[in-house]
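Some notes on the structure that comes next.
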Amino acid sequence: MTVNKVIKVGLIGLGGMADAHRRMISELYQLQLSALCDVNDELLNKVGEEEGIGEEKRFTEMESLIQDPTVDAVISIVPNDLHAKVLELCIHHQKPIMAEKPFTLNFKEAEYLAELYEKTPIPCMVGFSYRYIPAFRYAKQLLAENKIGTLRHIEVRYLQSFGAPIFDVPYLWRFNKVVTGTGALGDLGAHMIDSARFLVGEFKSVSALMRTFVPERRDPASGTMHKVEVDDYVSFHAVLEHDVVGTFLTTRNAIGSGNQHEVTLYGDIGTINVNCEKPDEVRLSFIHNKELQTSTETLEVPPGYRRQQLEDFTVLVTGQEHDGIPDFHDGYQNQKVLERIIESAEKSQSVNIDE
Ligand SMILES: NC(=O)c1ccc[n+]([C@@H]2O[C@H](COP(=O)([O-])OP(=O)(O)OC[C@H]3O[C@@H](n4cnc5c(N)ncnc54)[C@H](O)[C@@H]3O)[C@@H](O)[C@H]2O)c1
């Protein structure tokens, strides 16, 4: 596809996260929202009216949208159990896709997709959105400039509070193992893994602990209680590339944390801290004189580090050279690490990523 052509985008799944994608599409002249799909008719028509999309481009079947010749590329924001299906259809119809995370429901699905993808690849981006927090991008640059010396260890946290028992949240799809695969792990842990892979490199081994704090939740429709088979909490240790070690924590039970993803990188001569709640700041501690005194500065992220996620999708779709875009391989590797974390927690032992 030529670089200057406007890319007509079809959106599949019009729930909560679709609002963010609709806003991002509207910000970019290269993208034009041209088709919609959702199984919820009422929502489909509401969004159709808001976006000025004709009834003939409002679909309830995802394959109808994917194979529509007027749709150049797909953005998929459906629940986790449908991620593999959308990706498979996009590979089959050779349609570029931006797919939300987690990559798939489990690693078996990721392996199946990898076989298809190797035969007939497509431009494929995965929604690891924290790569687009300016502070995270600047932290990567500061590491490359050797500002903190040899990196020894990292600490990664992703904290939310919405699942805490006190809030008595009903049995949503995010608690249903058949639909979601995992709980906090795939929802938030997938982002932690991607941030670590983006900033440091590949995972070599993991040692994990998983817990479910709320064992039953009430179905909002029927009023009956459902057993919850996915995690509310995961912590793990990991060894990454260059023997960097890491500690990771994610929970839906952190009262006071709405949505807090934080990474601290510890080097021999300094420390870098970034937090998505302060997207334009990096805290840098470093040894600043011969007496080995330490300073801590809050650096404002320079302008060159602001990049909108879907801008990179247009780069991928138009076949331009790129670096650092979360793609099919990143989705696959991410899912492999998620699988090994579950395996490690079940066995109560350390597990190598590549067995
Ligand atoms: N990158 C991020 O930071 C981020 C943030 C939030 C959500 N997400 C991901 O986005 C995905 C969706 O999350 P959400 O919060 O928007 O969920 P949601 O439940 O609010 O929306 C999902 C939508 O998909 C629709 N849907 C269900 N089955 C469908 C089908 N067969 N065909 C078409 N539409 C269908 C539903 O009707 C609903 O409107 C999840 O995989 C989630 O992990 C990513």
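What follows is calculated from the coordinates using simple rules that are stated; it is not laboratory data. All of these numbers come straight from a predicted model, not from anything done at the bench. Note that each Cβ is placed from the backbone with ideal geometry, even for glycine, and that neighbours are counted across all protein chains shown.
Note on region 192-250: the C-alpha convex hull projects to 5.0 nm² when averaged across all orientations. Evaluating 6.51 cos²θ - 1.76 cosθ + 1.60 at θ = phi - 60° for every residue in region 249-255, the Karplus couplings come out as 9, 9, 7, 9, 10, 9, 4 Hz, glycine and proline recorded as x.
Can you list which of the GluC sites (Glu not before Pro) found in region 82-161 are DSSP loop residues with at most 14 other C-beta atoms within 10 Å?
Glu145
Quick check: residue separation of Arg152 and Asp354 times 0.36 nm, minus the Cα distance between them. What number comes out in nm? If you can, show how the numbers build up before the last one.
Working: separation 202, 0.36 × 202 = 72.72 nm, distance 2.20 nm.
Fully extending the segment from Arg152 to Asp354 adds 70.5 nm.
Can you give the angle from 0 to 90° between the axis of helix 83-92 and the longest principal axis of the chain, with both taken from C-alpha atoms, to the nearest 10? So the helix axis and the longest Cα principal axis differ by about 60 degrees.
Can you tally the lysine pairs in region 73-209 where the Cα-Cα distance is under 16 Å and the two residues are eight or more apart, or on different chains? Please list the in-between numbers first.
Working: Lys85/Lys95; Lys85/Lys101; Lys85/Lys108; Lys95/Lys119; Lys101/Lys177; Lys108/Lys177.
The number of close lysine pairs in region 73-209 is 6.
For a label point 7 Å from the Cα of Val245 along Cα→C-beta, name the residues of region 190-212 whose backbone N is under 11 Å from it. Correct set: none at all. Net charge dipole, the chain: roughly 580 debye, given to the nearest 20, about the Cα centre with Cβ charges of +1 for Lys and Arg and -1 for Asp and Glu.
Determine the shape class of region 7-129: with a ≥ b ≥ c the square roots of the Cα gyration tensor eigenvalues, call it rounded for a/c under 1.5, and otherwise prolate if a/b is greater than b/c, oblate otherwise.
On the way: a/c = 1.68, a/b = 1.58, b/c = 1.06.
Taking the square roots of the gyration eigenvalues as a ≥ b ≥ c, region 7-129 is prolate.
If you average the sequence gap of Cα pairs under 8 Å that are 6 or more apart and divide by the length of region 7-129, what percent do you get for the contact order? Dividing the mean separation by the residue count of region 7-129 yields 24 percent.
Given a cut-off of under 8 Å on Cα pairs at least six residues apart, what relative contact order in percent is computed for the chain?
Taking the mean separation of contacting Cα pairs over the length of the chain, I get 19 percent.
Loop-located trypsin sites (Lys or Arg not before Pro) across region 1-101 with a Cβ neighbour count of 13 or fewer within 10 Å are Lys5, with loop assigned by DSSP. In terms of overall dimensions, the C-alpha atoms belonging to the chain reach 72, 54, 39 Å along their principal axes, ordered largest to smallest. Placing a label point 7 Å from the Cα of Leu143 along the Cα-to-Cβ direction, the residues of region 200-239 whose backbone N falls under 19 Å of that point are 200-207, 236-239. Altogether, the Stokes-Einstein calculation at 20 °C and 1.002 mPa s, with the Kirkwood radius of region 300-348 over Cα pairs as Rh, returns a diffusion coefficient of 158 µm²/s.
Restricting the calculation to Cα atoms, region 235-296 shows an Rg/Rh of 1.05 when the hydrodynamic-style radius is the Kirkwood one.
In this structure, the amide hydrogen of Leu31, modeled 1.01 Å from its nitrogen in the peptide plane, lies closer than 5 angstrom to those of Ile7, counting only residues at least 5 positions away or on a different chain. Counting Cα-Cα pairs of region 75-131 in 5 Å increments starting at 0 gives whole-percent bin shares of 4, 21, 33, 27, 12, 2.
Restricting the calculation to Cα atoms, region 125-218 yields a radius of gyration followed by a Dmax of 16.5, 52 Å. Applying 1/(1 + (r/R0)^6) with r as the Cβ-Cβ distance of Glu277 and Tyr29 and R0 = 22 angstrom yields a FRET efficiency of 0.15.
Translational diffusion coefficient, Stokes-Einstein: compute it for region 238-355 using the Kirkwood radius over C-alpha pairs as Rh, at 25 °C and 0.890 mPa s, and state it as an integer in µm² s⁻¹. It would help to have the intermediate numbers written out before the result.
Numbers: Rh = 18.1 Å.
D = 135 µm²/s.
Classify region 81-171 as rounded, prolate or oblate from the Cα gyration tensor: take a ≥ b ≥ c as the square roots of its eigenvalues, call it rounded if a/c is under 1.5, otherwise prolate when a/b beats b/c and oblate if not. Oblate shape, in that a/c is at least 1.5 and b/c is the bigger or equal ratio. With just the Cα atoms defining each centre, how far is region 1-69 from region 286-355? Give it in Å. Distance between centres, Cα-based: 29 Å.
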